[in-house]
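These notes are about the structure you will find just below.
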Amino acid sequence: MILIGEKINGSIPSMAKAIAEKNEAHIRDLAKKQADAGASFIDVCASVPETEELDTLKWLFDLVQSVTDVPISIDSPSAKIIAQAIPLCKRPGLINSVSMEGDKVDTIFPLIAESKWECVCLLSDDTGIPKSAADRLRVFGNLMKKAEQYKLSPNRLHIDPLIEMICTSEDGIAKVTETMQKVKAQYPTIHLTGGASNISFNLPMRKFINRAFIILAMNAGMDSAIIDPLNKDMMGLIYAAEALLGQDELCMEYIGAFRDGLFGEGK
Amino acid sequence: MSKIDEIAQAVETGKSKLIEGLVTEALGEGIEPVKILNEGMIKAMGNVGEKFQKSEIFVPEMLVAARTMKKGVEVLKPKLAAGDTTRLGKCIIGTVHGDLHDIGKNLVALMIESAGFEVIDLGVDVATDTFVSAIKTNPDTKVVALSCLLTTTMPSMKETAAAIKASGLSGFKLIVGGAPITEDFAKQVGADGYTTDAASAAVLAKKLAS
């Protein structure tokens, strides 16, 4: 599982406070802890007005890169900010994210074409969030045409089928899993990602919905997730699900993560 | 850390990708192959067995350790002289007729091999005659190990043990094991020994062979 550590995000109140107060120690500490917990990327989202965003991102990147070599996931709603932020990273990481809205893809794809940068792609376009799986797959088709045009191999793309809140849905995550399965069938090396946090919106005990979602989505092919790697219960479930799906020979990853204290009663 | 210690650690932690390089380096440093085997690998597997008995490690960790050792032994094999004194002799192992379960038997085979035996694994669903003729063709056999995993195949183990005894062949000890086997049952079939897990089976085999 590709784990994208979600904690350095200005839309989280405690992080917004740390950013406002320039609490460097707190941010460094969270970067280090997520790296130690096995994050493959450390997501950095400033969540400040666009006029301050680039400076804030640069400051956050420097803090993260001073404590770990784990690559950064640049999280911004603006493709232009992302484009300016790419050169500020010491090593290729992850773009979070582009979609088929406006000129996002045409801004980002050519910039990373010749590099090792990976990219999260949302299956929405100028019509908004497609209602059906078929519509999302149509957006996906258009996206892959762009990827081909700019010579981005599928294994550098993390497709996010868009996870909506479940409480008003009648068919659960069927739309999401169907999209995931069909995407994976077309491009076996492509990554499938998603943030669990939207799904549980407006429901009590959200953690149960989030955890059940991760497992069901992994079963549908999800191999990348934006999560809190310091959440030991979630980490235990992810390692357990990988083992149960036959993606962990002899369960050694599960045992190793347990030994490293990534879940369970350890450190 | 000495090269021998590095090898021991690689075996204990199941670093199968490193072991070939480490053994080759050790040989390059002029360390005796027998020393690499005994003090590096067999000793490490002894520790692994002990940890398993104390429930400090899990079955897969024992498996990868044994696998690592096997890989290391492959490198050593051509260097080990034919009359190698470290080998404890042959051990014939198999799951008795009618029983198809082999995970436990494989684990025991790996542990016994890791302890210094040459293991002849007859597989699963082994006919009584096959055990007897294997012992006949390998007169230097020191241990014969029978496994069964089902209560329904316990009578089959009884028959096999009786046939081996009746064959008049000697010079070896008979051990039995498997989920439904008890100390009592082992005595009933006339076995020389019985243990509850793979690690202690290896210790027992070693004791009986010496």
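Would you confirm whether any residue within segment A:48-63 is of a type outside the set (Gly, Ala, Ser), over 18 Å from A:Gly194 (Cβ atoms), in contact with a strand residue (DSSP E or B) (Cβ under 7 Å, 6 or more places away or on another chain) and open to solvent by 20 Å² or more (accessible area, probe 1.4 Å)? No: segment A:48-63 contains no residue that is of a type outside the set (Gly, Ala, Ser), over 18 Å from A:Gly194 (Cβ atoms), in contact with a strand residue (DSSP E or B) (Cβ under 7 Å, 6 or more places away or on another chain) and open to solvent by 20 Å² or more (accessible area, probe 1.4 Å).
Say whether the condition of being under 18 Å from B:Gly193 (Cα atoms) and not in a helix (DSSP H, G or I) is met by at least one residue in segment B:126-142. Yes, because at least one residue in segment B:126-142 is under 18 Å from B:Gly193 (Cα atoms) and not in a helix (DSSP H, G or I). Looking across A:Asp171, A:Asp126, one residue alone is of a type in the set (D, E, K, R), surrounded by fewer than 21 Cβ atoms within 10 Å (Cβ to Cβ), under 22 Å from A:Pro77 (Cβ atoms) and free of Cβ contacts under 8 Å to residues at least 40 places away in the same chain. It is A:Asp126. Can you name every residue in segment A:246-265 that is part of a loop (DSSP other than H, G, I, E, B) and within 10 Å of chain B (Cβ to nearest Cβ)? Scanning segment A:246-265 gives a single hit, A:Asp248. Would you pick out the residues in segment A:184-233 that are surrounded by 14 or more Cβ atoms within 10 Å (Cβ to Cβ) and polar (S, T, N, Q)? A:Thr193, A:Ser197, A:Asn198, A:Ser200, A:Asn210, A:Asn219, A:Ser224, A:Asn231, listed by residue number. Within segment B:154-210, the set of residues being open to solvent by 70 Å² or more (accessible area, probe 1.4 Å) and either part of a loop (DSSP other than H, G, I, E, B) or under 23 Å from B:Glu118 (Cα atoms) (or both) comprises B:Lys165, B:Ser170, B:Lys173, B:Ala179, B:Asp192, B:Thr196, B:Val203, B:Lys206, B:Lys207, B:Ser210. Of all residue pairs spaced 6 or more apart or on separate chains, those with beta-carbon atoms under 8 Å, a first member in segment B:125-140 that is touching a residue at least 24 places away in the same chain (Cβ under 8 Å) and a second member that is of a type in the set (Phe, Trp, Tyr) and open to solvent by less than 60 Å² (accessible area, probe 1.4 Å) are B:Ile135/B:Phe172. When segment B:84-108 is filtered for residues that are open to solvent by less than 10 Å² (accessible area, probe 1.4 Å), farther than 21 Å from B:Val34 by Cα and either assigned to a strand (DSSP E or B) or among the hydrophobic types (A, V, I, L, M, F, W, C) (or both), the ones remaining, listed by number, are B:Ile92, B:Ile93, B:Gly94, B:Thr95, B:Val96.
Across segment A:31-50, a minimum of one residue is classified as in contact (Cβ under 8 Å) with a residue 24 or more places away in the chain, of a type in the set (Asp, Glu) and in a helix (DSSP H, G or I). The residue that is nearest to the other protein chains (Cβ to nearest Cβ), counting only those in segment B:21-41 that are surrounded by fewer than 22 Cβ atoms within 10 Å (Cβ to Cβ) and in contact with a Gly (Cβ under 9 Å, 6 or more places away or on another chain), is B:Asn38. A:Gly194 meets each of the listed conditions (1) farther than 20 Å from A:Ile108 by Cβ; (2) at pLDDT below 95 apart from (1).
Scanning segment B:48-70 for residues that are open to solvent by 40 Å² or more (accessible area, probe 1.4 Å), closer than 14 Å to B:Ser200 by Cβ and more than 14 Å from chain A (Cβ to nearest Cβ) turns up B:Glu50, B:Gln53, B:Lys54.
The values are calculated or read from the model by the stated rules, or taken from the named source; none is laboratory data. Since we're looking at a predicted model, the values are computed, not measured. Note: ideal-geometry Cβ built from the backbone for every residue, glycine included; neighbour counts use all protein chains shown. Ligands, DNA and RNA are excluded from the accessible area calculation, which covers all protein heavy atoms including side chains. Shrake-Rupley method; radii C 1.70, N 1.55, O 1.52, S 1.80 Å.
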